[in-house]
Amino acid sequence: MKNLKVIFMGTPEFAVPVLQTLLENTNVVLVVTQPDKVVGRKKVFTKPPIKRVAEENHIPVFQPEHIRVDYQPILECDADIIITCAYGQIIPQVILNYPKMGCINVHASLLPKYRGGAPIHWALLNGEEKTGITIMYMDEGMDTGDIICKEEYQIKDTDNVETLHQALAQMGAHLLLKTLPSIINGRNSREHQKEEEATYAYNIKREEERIDFFKAGRQIMNQIRGLYPWPVANFMLDREEIKVLDASFLPKKVEEMNKIVEVTKKSLGISCKDGIIYLNRIKPFGKKEMTIVDYLNGIKKEDLFDKKVNG
């Protein structure tokens, strides 16, 4: 496959293993990624992870602001195939029609479930037992093209966005490498997606980060792990936002939800619909990450008991 001329399109860390696999096994002639962005309080211009890898390997990089109108460098590459993974923009038909072997996408869900930009987050938020990788042909829709192959991943109770992200990124790279020969020789399968089974994984909204302690404990735990380490679930205590990085759940009958029902030297428990959520690791607003023990050592614990949250 070393003679296969590939244009790769991707942006975040998730796409790095796929690009690295292509660099090792094909001839990557161009990398297309999103423009550099201002990041953090110091407003530092930061390169996308894919750009850094491309530059380290001396691959030309193209960063259009709007690929629907700015795409000529892609058409000038004489590539055999375009492969995308978490690029972040809808690809116009003029590009989809360009390579003779088509445009292939590596997507982090079992399509047609969880089309869109946040499939890993929503698989965890919704308490799915499994997710996976889909290799597919691209069309002008959002993850609506014909499926070439899939591979399943059984979600563990210990998985969060970071661990699932890492596992699926590696799975995507391996499955693509395994599938490419059949795409090159035209013997791959091709299956239309069933629209009636489609669901969508839109990007997380700010209000979806807030923990609702009137919900069941399992839902809350799914929210915490489904938003860690980014963007992170939170609640309000005395008008201060506290991000929850890690917690545990004890099922039990509670008299009242949404309030602090246990405070000791080593634990802080908040009641929910069917038990108590114990905070293990948090990040109070404007402070560093800390264990709940460190947090409790710095406050008057007696002031917390019976206090309602998100008020």
Extreme residue, nearest to HIS192 (Cα to Cα), among residues of the range 118-159 that are in contact (Cβ under 8 Å) with a residue 24 or more places away in the chain and basic (Lys, Arg): LYS150
Boolean, LEU96 is modelled with pLDDT of 95 or more, under 25 Å from the mean Cα position of the chain (by Cα) and either under 21 Å from GLY141 (Cα atoms) or among the basic types (Lys, Arg) (or both): yes
Residue check, GLY226 among the small types (Gly, Ala, Ser) and under 22 Å from the mean Cα position of the chain (by Cα): yes
Pairs with Cβ under 7 Å, 6+ apart, first in the range 13-28 and over 14 Å from VAL61 (Cβ atoms), second surrounded by fewer than 21 Cβ atoms within 10 Å (Cβ to Cβ) and among the aliphatic types (A, V, I, L, M): THR21/LEU177; ASN25/MET1; ASN25/LEU177; THR26/MET1; THR26/LEU4; ASN27/LEU4
Inter-residue pairs, beta-carbon under 7 Å, first of a type in the set (Phe, Trp, Tyr) and in the range 100-117, second buried (at least 24 other Cβ atoms within 10 Å of the Cβ), 6+ apart: TYR114/ALA123
Search result, residues across the range 159-174 that are more than 24 Å from LEU125 (Cβ to Cβ) and crowded, with 22+ Cβ neighbours inside 10 Å: ALA173
In the range 8-18, the residues that are assigned to a strand (DSSP E or B) and out of contact with any Cys (no Cβ under 6 Å at 6 or more places or on another chain): PHE8, MET9
Contacts under 8 angstrom Cβ, first residue in the range 200-219 being without any contact (Cβ under 8 Å) to a residue 24 or more places away in the chain and within 12 Å of ASN234 (Cβ to Cβ), partner of a type in the set (Gly, Ala, Ser) and surrounded by fewer than 14 Cβ atoms within 10 Å (Cβ to Cβ), 6 or more apart: none
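The values are calculated or read from the model by the stated rules, or taken from the named source; none is laboratory data. As the structure is a prediction and not an experimental result, all values here were calculated from the model. Cβ: placed from backbone, ideal geometry, glycine included. Neighbour counts: every protein chain shown.
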